[in-house]
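Undergrad: This is the structure I want to talk about, given as structure tokens.
Derivation of every value follows stated rules applied to the coordinates shown; laboratory data play no part. Model, not experiment: these values are computed from the prediction. We place every Cβ from the backbone using ideal geometry, glycine too, and count neighbours over all the protein chains shown.
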Amino acid sequence: MIILGLVLLVIGLVAGIGILWTIGVILLVIGAVLWILGAMGHAVGGRRHYY
């Protein structure tokens, strides 16, 4: 999600399309939050591992 956000951000910036730039920023922020939560050991998306 972070990479998709970066790609949309760059395409929107180069092409001058504001909606792509906005969607790219939103995906980048959501991806970063989910990555941080996953790195902290929280269950993301209801996934639980029973080891």
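Undergrad: Calculate, in nm to one decimal, what Thr22 and Met40 gain on full extension: separation in residues at 0.36 nm each, minus their alpha carbon distance. Mind dumping the intermediate values first?
TA: On the way: separation 18, 0.36 × 18 = 6.48 nm, distance 2.75 nm.
Here the segment from Thr22 to Met40 would lengthen by 3.7 nm.
Undergrad: With a point put 7 Å past each Cα toward its Cβ, work out how far Val14 is from Ile2 in nm, to one decimal.
TA: The answer from the label model is 2.2 nm.
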